[in-house]
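Here is the structure we will look at, set down as structure tokens.
The values are calculated or read from the model by the stated rules, or taken from the named source; none is laboratory data. No experiment lies behind these values; they were computed from the predicted model shown. Positions of Cβ are backbone-derived with ideal geometry, glycine not excepted, and every protein chain shown enters the neighbour counts. What goes into the accessible areas is simple: the full protein's heavy atoms, side chains included, and nothing from ligands, DNA or RNA. Shrake-Rupley method; radii C 1.70, N 1.55, O 1.52, S 1.80 Å.
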Amino acid sequence: MSWNEFIYFAIGSLLFWISGTILIYTSKGARLGNILILSGIVLFGSFIVGLWIGKGHPPLRTMGETRLWYSFFISIVGFVTYLHWKYKWIMGYSVVVAGVFVFVNLLKPEIHTTNLMPALQSVWFVPHVTVYILSYALLGAATIASFIAIKELKKGEYGLMPLIDNLVYIGLGFLMMGMLMGALWAKEAWGDFWSWDPKEVWAFITAGAYLVYIHARILKFRLNLLLWLLPLAFVLLMITWIGVNYLPAAQGSIHVY
Amino acid sequence: MVGKSERKRKIAVEEVIIISAVLIAGLALQFFSGPFDKRFLAYPVNLVFLGLLALVFFMKKGAALSRMASGTLSVILLAAVTIAALWMGLVPGNMVKVSWPFVLLYLMLLVNLTAITALRLKSFSAKQIPFILNHVGLLVLLFSAGPGSADKSRFFMTVMEGSTEWRGEPSGTGKDAQVVELPLAIELVNFSMEEYPPKLGVVDKTTGEAMPLGKPHFFEGTLNAESQIARWEFRVDSIVDRPRYAPAAYVLATEIETGTVNEGWVTCGNYFQHFKILDLTENLCVAMTFPEPKSYTSNVKVYTPDGQVKAAEIEVNSPMTVGNWKIYQFSYDTQKGKDSEYSVFELVYDPWVIPLYIGFIMMLFGAITLFWKGGKK
């Protein structure tokens, strides 16, 4: 399987996701809605598996490939969070974000050489990238929740805070794992755990921002200021993921793809 | 309650003042003595520092220890380090990581982290395990990667096939590198390399751009490979890959509309042989890309002064460990590719590598505890 077949899987999954999400808002169709959303996830996942087999290596190297995983994970994160916390909007949001990344991939397919250079041939490759993308998906969901929480705060409501904190904790857990595994890999590949490569600097900045958030939460800082840290941290995260390649300070990064 | 939050605010303000004072002192040091020289921290200075940090663990629970372990202090320091990193990430050619203010921030973070772990360990319970994993892990990591890394050294060593070498060039010293004798000798038994099949594509000779424009397509130059680019169908009829020579493919190009067939040898060429293309039109031709390396391996024997001999295969992502040394496959003669007669190794000496791995493992488990913490309703 190759990117040529992506459109069928992408459109199919989106149709499942959108119709499923509409159904969960109705009282009768919730069960069917869940089944449809799950089918969309399975269909999308099967494309990733097919692409993996077709390429002969995990599709994790190019920006387009990481976007593929992001769509996949955000739909799972949204679905699991919705099942656990019963917030329907999180499913709706996840579908929108997954859709955006699907369309970016459809409109701007990045076809790259399929050859994996020796430094990327490592057992760390798959866990390092997937764990990062998964954490981006979780932290993206936390960001949207933070906007809603900022609105609710004005009415004196704090109901979303446990959800936000949990998403940040789990997201940060994955972010830290991604960073640690990257460091262990770097040691095997070129002798240094950490070399302040631009992508590393930005990954550090992102982790720093979320660390400030969770410590400030424990210390009960005022929410009307602290909640704005989450959108800000997510902007930093997006720079780490996508923006780094365009920064003047980042020319010559080993993470450019 | 009001009194308590008032007191908290006062403490936070004091902390900001103290940190600012330290950072200003750092800027002054930077101004008068230039960037921080990491070698200053090399053994035994880092061990003395470690001893001083260890003293924190013997401090009595009280005002002094609590102030050093303050949570607001942690938040301010974390924010300051993040801002320093932002500077690092935004300003081209900056020297933040070797600047005095950054080093002093790092130091304050180490003290704060040590104090808070010391405080928590004094009232240890199983509930503290996630905290300990994350914070002690980070402490061990930051110490080994910071003051500890001053003991680290790296060398490059070029070894000819069939010979033994023990002299290395310290890395990062540039042109005036002094070659030094190392306590390791490497014998390169054999260097070998695997390449991906080369790729074929249609290229405009006048611009060098590959077709179709903006969305170039290449296909693998393997036997019987078929592809379609622009208005031609291609088939690889035979492949030749001999030692020293570059890979070559015999390509049949059929113009779909007319059925006209163009055929001939195409090769990317190498240090030994000229490249060859197959013309399709006046401007367009079939060309081959250089094969990309798939893997390269050095078969070595390593000798140490105490008479030990260790044989190994060294590859990218698969270094060899000898005591506190790690030997990495670094490079080869890229002009000659798989015919390279030498291999370049990077040798890294790091006596802190074991504490570093301990820190990593603790933090990995610590990260997992965050899922459990975040999974609670």
With every protein chain kept in the model, how would you rank B:LEU78, B:LEU213 by accessible area, 1.4 Å probe, largest at the top?
-> B:LEU213, B:LEU78
What net charge is computed for the residues neighbouring B:LYS10, neighbours being all others with C-beta under 13 Å from the C-beta of B:LYS10, Lys and Arg scored +1, Asp and Glu -1?
-> +2
Which residue, B:MET320, B:MET363, B:MET211, has the most motion in a Gaussian network model of chain B that connects Cα atoms within less than 10 Å?
-> B:MET211
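Just need the relative contact order of chain A here, percent rounded to a whole number, with Cα pairs under 8 Å and 6+ apart.
Numbers: 290 pairs, mean separation 40.0, N = 257.
Relative contact order comes out at 16 percent.
Below 8 Å between Cα atoms, with a sequence gap of 6+, how large is the relative contact order for the range A:1-112 in percent?
On the way: 125 pairs, mean separation 30.2, N = 112.
Relative contact order comes out at 27 percent.
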What number comes out for the charge environment of B:VAL348, summing +1 per Lys or Arg and -1 per Asp or Glu over other residues with Cβ under 12 Å away?
-> -1
In square angstrom, rounded to the nearest 10, how much accessible surface does B:TRP265 have for a 1.4 Å probe?
-> 90 Å²
Mind checking which lysines have their Cα closer than 19 Å to the Cα of B:LYS152? Skip sequence neighbours fewer than 8 apart in that chain.
-> A:LYS187, B:LYS38, B:LYS97, B:LYS326
Percent breakdown of C-alpha pair distances by 5 Å bin, ordered from the shortest bin, for the range B:197-288 | 3, 15, 26, 26, 18, 8, 3, 1
Helix-only mean residue ellipticity at 222 nm for the protein assembly as shown, each DSSP H run of n ≥ 4 adding -39500 (n - 2.57), per residue, nearest 500 = -17000 deg cm²/dmol
How much accessible surface area, in Å² rounded to 10, belongs to the heavy atoms of B:THR260 with a 1.4 Å probe?
-> 80 Å²
Here the residues of the range B:289-321 lying in the modelled label zone of B:SER163, meaning backbone nitrogen under 18 Å from a point 7 Å along Cα-to-Cβ, are B:299-303
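Where Rh is the Kirkwood radius over the Cα pairs of chain B, the temperature 4 °C and the viscosity 1.567 mPa s, what D in µm²/s does Stokes-Einstein return?
Calculated translational D: 49 µm²/s.
At 0.36 nm per residue, and after removing the present C-alpha to C-alpha distance, how many nm does the segment from B:MET95 to B:GLN308 gain when stretched out fully?
Working: separation 213, 0.36 × 213 = 76.68 nm, distance 4.23 nm.
Value of the extension gain: 72.5 nm.
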The answer for chain B, accessible area per residue at 1.4 Å probe in Å², is 54 Å²
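Kindly state, to the nearest 0.05, the FRET efficiency for A:SER19 paired with A:LEU106, given R0 = 30 Å and r defined as their beta-carbon distance.
Details: r = 19 Å, r/R0 = 0.65.
FRET efficiency, A:SER19 to A:LEU106: 0.95.
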Chain A: DSSP helices with Cα axial extent of at least 24 Å and average Kyte-Doolittle hydropathy no lower than 1.6 = A:6-24, A:88-107
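What accessible area per residue comes out for the range A:119-257, rounded to a whole number of Å², with a 1.4 Å probe? Don't skip to the answer; put the middle values down first.
Numbers: 5210 Å² over 139 residues.
Roughly 37 Å² per residue, with all protein chains present.
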Selection from B:ALA145, B:HIS135, B:PRO216 lying farthest towards where the dipole of chain B points positive, charges on Cβ = B:HIS135
Approximate spin-label separation B:ILE354-B:THR334, in nm, with each point projected 7 Å along Cα-to-Cβ | 3.8 nm
Simple SL model, points at 7 angstrom along Cα→Cβ for B:TYR245 and B:VAL48; separation in nm is 6.8 nm
Which value in Å is the Kirkwood Rh of the range A:119-257 over different Cα pairs?
-> 15.8 Å
Calculated FRET value between B:ILE17 and B:ALA63, using beta carbons and R₀ = 25 Å, to 0.05 | 0.90
Reciprocal mean inverse distance between Cα atoms of chain A - Kirkwood radius, Å | 19.3 Å
Counting all Cα-Cα pairs in the range A:1-112, those more than 16 Å apart amount in percent to 55 percent
Nearest 10, in degrees from 0 to 90: the angle of helix B:353-374 to the longest Cα principal axis of chain B is 80 degrees
In the range B:1-90, chymotrypsin sites (Phe, Trp or Tyr not before Pro) in a DSSP loop with at most 11 other beta-carbon atoms within 10 Å = B:PHE58
Applying the gyration tensor rule to the Cα atoms of the range A:44-94 (axes a ≥ b ≥ c; rounded if a/c under 1.5, else prolate if a/b exceeds b/c, else oblate), the class is prolate
Net charge near B:ASN283, counting Lys/Arg +1 and Asp/Glu -1 over other residues with Cβ under 11 Å of its Cβ?
-> -3
Roughly how many Å is it from the Cα centre of the range B:161-225 to that of the range A:190-208, as a whole number?
-> 26 Å
Which cross-chain or sequence-distant (5 or more) residues have an amide H under 5 Å from the amide H of B:LYS294, H modelled 1.01 Å from N in plane?
-> B:GLU194, B:GLU195, B:TYR196
Accessible surface buried once A binds B (1.4 Å probe; total of both sides; Å²) = 4400 Å²
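In whole percent, how big is the carbon plus sulfur part of the accessible area of the range B:2-151, probe 1.4 Å, protein atoms only? Walk me through the numbers on the way to the answer.
Numbers: 6220 of 8220 Å².
The computed percentage sits at 76.
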Over chain B, what relative contact order in percent results from Cα pairs under 8 Å that are six or more residues apart?
-> 16 percent
How much accessible area does B:SER238 have with a 1.4 Å probe, in Å² rounded to the nearest 10?
-> 40 Å²
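Given A:LYS108/B:LYS338; A:LYS199/B:LYS294; A:LYS108/B:LYS336; B:LYS215/B:LYS276, which pairs have Cα atoms separated by over 27 Å? Could you put the intermediate results ahead of the total?
Values: A:LYS108/B:LYS338 36 Å; A:LYS199/B:LYS294 25 Å; A:LYS108/B:LYS336 37 Å; B:LYS215/B:LYS276 24 Å.
Result: A:LYS108/B:LYS338; A:LYS108/B:LYS336 exceed 27 Å.
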Looks like the protein assembly as shown, by Cα gyration tensor root eigenvalues a ≥ b ≥ c and the a/c under 1.5 rounded cutoff (else prolate when a/b is bigger than b/c, oblate otherwise), is oblate
Which order do B:ASP241, B:ASP350 take by accessible area at a 1.4 Å probe, largest first?
-> B:ASP241, B:ASP350
